[in-house]
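Report on one structure; see the data block that follows.
The values are calculated or read from the model by the stated rules, or taken from the named source; none is laboratory data. From a predicted model like this one, the values you see are computed outputs, not experimental measurements. Positions of Cβ are generated from backbone atoms using ideal geometry, with glycine treated the same way; all protein chains shown enter the neighbour counts. Surface accessibility is based on the protein's heavy atoms, side chains included, excluding ligands, DNA and RNA. Shrake-Rupley method; radii C 1.70, N 1.55, O 1.52, S 1.80 Å.
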Amino acid sequence: GSTTQSTEGVDSDIVPWKARQNGQTLECVMESQKKIVTAGEIIICGAGTVGVKFAGELADVLGKDKKERRITLISATDRVLTQVNERVGCHAMTVLNRLGVEVSRGSRIISASHDTASARWIIKLDDGTVMSSDCYISTTGPVPNNKFVPDHFLDDQGWVKVDAHLR
């Protein structure tokens, strides 16, 4: 199986999209809710379906309390939702803009690190931009659950090696 960076809190604040391997999913959901509701600046990495939906829902829900917040969605491509029809992505951008979500397009995150002294995330993009936020959530791709698999069975990305017939 797989998990996500944010589910496990690896280079991201914890936001469990899946059940946690340690069985503490409920505790992590509550922890992430506290972190998000108190954050003044939130950066979400990944403008696929999870990132776009999450950014929109956060902006909608958090906008109701009238607290000043900044939500930024980072897309490595020039548009959001590249896996679907371009019109759908354009409509999503319209909705995100209406909700006040800033969308940074065309730059990849090269590093995300948590500065314990300031309790802020430092995000570096491949175009040289450096951003910081109270909360950083990665919504990019799956991470393999492979701790129990011997290394010689894994490929260079950590997935179990299989042939064309999944053997």
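With respect to Lys18, is the statement that it is of a type in the set (D, E, K, R), surrounded by 14 or more Cβ atoms within 10 Å (Cβ to Cβ) and closer than 14 Å to Ser133 by Cβ true?
Considered against the rule, which asks whether it is of a type in the set (D, E, K, R), surrounded by 14 or more Cβ atoms within 10 Å (Cβ to Cβ) and closer than 14 Å to Ser133 by Cβ, Lys18 comes out as no.
Can Asp13 be described as part of a loop (DSSP other than H, G, I, E, B), in contact with a helix residue (DSSP H, G or I) (Cβ under 7 Å, 6 or more places away or on another chain) and either crowded, with 20+ Cβ neighbours inside 10 Å or in contact (Cβ under 8 Å) with a residue 24 or more places away in the chain (or both)?
yes
Could you count how many residues in the range 20-56 are among the acidic types (Asp, Glu) and outside any helix (DSSP H, G or I)?
So the count comes out to 1.
I'm trying to understand the selection: among the residues of the range 35-62, which are open to solvent by 40 Å² or more (accessible area, probe 1.4 Å) and either small (Gly, Ala, Ser) or more than 17 Å from the chain's Cα centre (by Cα) (or both)?
Thr38, Asp60, Val61
Could you list, in sequence order, all residues of the range 93-139 that are in contact with a helix residue (DSSP H, G or I) (Cβ under 7 Å, 6 or more places away or on another chain) and either surrounded by fewer than 19 Cβ atoms within 10 Å (Cβ to Cβ) or in a loop (DSSP other than H, G, I, E, B) (or both)?
Listed by number, the residues that qualify are Val95, Leu99, Gly100, Val101, Thr139.
Is there any pair linking a residue in the range 140-167 that is over 12 Å from Ser2 (Cβ atoms) and at pLDDT 90 or above to one that is assigned to a loop (DSSP other than H, G, I, E, B) and open to solvent by 100 Å² or more (accessible area, probe 1.4 Å), with Cβ under 8 Å and at least six apart or on different chains, and which?
The qualifying pairs are Phe153/Lys161; Leu154/Lys161; Asp155/Lys161.
Return the pair list, or none, for Cβ contacts closer than 6 Å from residues in the range 25-48 that are at pLDDT below 95 to residues that are open to solvent by 70 Å² or more (accessible area, probe 1.4 Å) and in a loop (DSSP other than H, G, I, E, B), at least 6 apart or on different chains.
Pairs found: Thr25/Ala19.
How many residues does the range 61-74 hold that are under 24 Å from Ser6 (Cα atoms) and at pLDDT below 95?
4
Hey, any hits in the range 63-80 for a residue that's part of a loop (DSSP other than H, G, I, E, B), touching a strand residue (DSSP E or B) at 6+ places or on another chain (Cβ under 7 Å) and loosely packed, with under 14 Cβ neighbours inside 10 Å?
yes
Could you look through the range 140-167, keep only residues that are aliphatic (A, V, I, L, M) and open to solvent by less than 60 Å² (accessible area, probe 1.4 Å), and pick out the one that is nearest to Leu73 (Cα to Cα)?
Among residues in the range 140-167 that are aliphatic (A, V, I, L, M) and open to solvent by less than 60 Å² (accessible area, probe 1.4 Å), the one nearest to Leu73 (Cα to Cα) is Val143.
Select from the range 119-128 the residues that are out of contact with any strand residue (DSSP E or B) (no Cβ under 8 Å at 6 or more places or on another chain) and touching a residue at least 12 places away in the same chain (Cβ under 8 Å) and list them in ascending order.
Passing the criteria: Ala119, Asp127.
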